[in-house]
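Here's the structure we're looking at; comments come further down.
Only the coordinates and a few stated rules stand behind these numbers; no lab work does. What you are looking at is a predicted structure, and each value in this text was computed from that prediction instead of being measured. Glycine gets a Cβ as well: all are built from the backbone with ideal geometry, and neighbour counts include every protein chain shown.
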Amino acid sequence: MKKIILFTLFLVSLISCKKESTKIEDSQPETDSVATTENSEPKAALAMFSPQQATELLGKKNDTLYITNFFATWCGPCVKEIPHFKNKIQELNGKPVKITFVSVDSKEDWNTKVPQFVDEQGIRNNTVLLDGQSLQGDFFAANFKKWDGGAIPFTYMRKGDKTDETLGMMSEEQLNEKINSLLK
């Protein structure tokens, strides 16, 4: 009698497990190749800057405020301050302000980590690549008063002849103050 009860319980549990797995399989959404390819638009390639192109960007003197933030994907303080810059991009949209992120990651990461990072951060359209390892001391001496390339993040701002350099992470309040002082 015990064997019959145990066997019956075993069959019931087996049947109920099979029905549950069938329900799970049925509830999986069906996808086809059309549905999965609709959202995959080709992304614009990141521009690669030479040291000369970077110098030209940093040297622009007109009524536009140019904000250039040097960062790397592996730099914790860099990652923390990016949202502040993103907020300013949205806030100052349509005004004479251009914010550019310059990735100084190694070339090995240019086609893997950097594109993934800038897409996650939503800054692809504002990011350029610069081979930080190819920069010589004369690049820093020619473009900056404070920065020798030894640490990041570094932010350089220029409007006309007025400039501001910040080595290290900025809070949102600091960024706002610096931008407001240059926009006056």
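The set of residues in region 41-99 that are among the aliphatic types (A, V, I, L, M) and within 22 Å of M170 (Cβ to Cβ) comprises A54, L57, L58, L65, I67, A72, V79, I82, I89, L92, V97, I99.
The number of residues in region 89-119 that are among the charged types (D, E, K, R), surrounded by 12 or more Cβ atoms within 10 Å (Cβ to Cβ) and farther than 23 Å from M157 by Cβ comes to 4. A residue that is surrounded by 13 or more Cβ atoms within 10 Å (Cβ to Cβ), charged (D, E, K, R), assigned to a helix (DSSP H, G or I) and touching a Phe, Trp or Tyr at 6+ places or on another chain (Cβ under 9 Å) can be found somewhere in region 73-81. Filter region 47-72 for residues that are touching a helix residue (DSSP H, G or I) at 6+ places or on another chain (Cβ under 8 Å) and in a helix (DSSP H, G or I) and give the result. Those that are touching a helix residue (DSSP H, G or I) at 6+ places or on another chain (Cβ under 8 Å) and in a helix (DSSP H, G or I): P51, A54, T55, L58. In the set K86, K107, only one residue is over 18 Å from I179 (Cα atoms), free of Cβ contacts under 8 Å to residues at least 60 places away in the same chain and basic (K, R); that residue is K107. In region 148-163, how many are surrounded by 15 or more Cβ atoms within 10 Å (Cβ to Cβ) and without any contact (Cβ under 8 Å) to a residue 40 or more places away in the chain? Number satisfying all stated conditions: 2.
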